[in-house]
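Visitor: Would you mind keeping the following structure in view while I ask a few things?
A short reminder: the numbers here are calculations on the coordinates, not readings from a lab. Here the structure is a predicted model, which means the values were calculated and not measured. Neighbour counts run over all protein chains shown; Cβ positions are idealised from the backbone, glycine included.
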Amino acid sequence: MADKKGRADGIWEPVLDRARKVKIERDIVSILQKVAIFEELSRPDIHNIARIAHRRHYGEDEVIIHQGQASAGMYIILQGEVEVTKEWADGTSSYLATLGESGFFGDVGLLDNAPRTATVTAVRDSKIVGFFRPELLGLMDSDPKLASKVVFKLAQVLASRLRFTNGELEKAQQDIDRLKALEDQSAQTDTETLI
């Protein structure tokens, strides 16, 4: 089956390749079941999704997504950790989040190809699975029912994020209004003191 150096001989190579592929698919399926977009899918549906997934390894400090590049799809972390940062027009950068196993990012890229709004970098060696728009469109042709489940769940996730962001903006606006009122009150007190 293998020579003294551990290499498979030519006869067994296809069998070993198939075994590796089955293990990789099983690993992907087990992670997909934990991801919000796929958690309500049946096992056969998840297997169909796993078949269109692309697996990739990123080393520590390797950029996975560059802010400003065209979107193409979403990524799911099988193993490892990534950091999401945003660069501003003035050249400064802000930390946004750290994501670990089962975390996902770039999901809006499944729906449109607008430029990426942040940079995602591997914090440590990471195994990532990517799903891309062309495969999703192919799935819409081959299995529209499954594709509609995925797109509907994706829409729910995005709606939840939008509600959260709106809540955070409302809080920020309240803080700004409160600070302006304090500033106005302080300015009024200073003016009265001078008179």
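Visitor: Which condition from (1) assigned to a helix (DSSP H, G or I); (2) over 18 Å from D45 (Cβ atoms) is the one that F152 breaks?
Guide: Failed condition: (2).
Visitor: Within segment 118-166, how many residues turn out to be surrounded by 15 or more Cβ atoms within 10 Å (Cβ to Cβ) and hydroxyl-bearing (S, T, Y)?
Guide: 3
Visitor: Oh, and also: Considering only residues that are under 17 Å from V157 (Cβ atoms) and part of a strand (DSSP E or B), which ones fall in segment 131-144?
Guide: F131
Visitor: If you don't mind, another one. Within segment 77-127, how many residues are over 19 Å from Y58 (Cβ atoms), without any contact (Cβ under 8 Å) to a residue 24 or more places away in the chain and part of a loop (DSSP other than H, G, I, E, B)?
Guide: Number of matching residues: 5.
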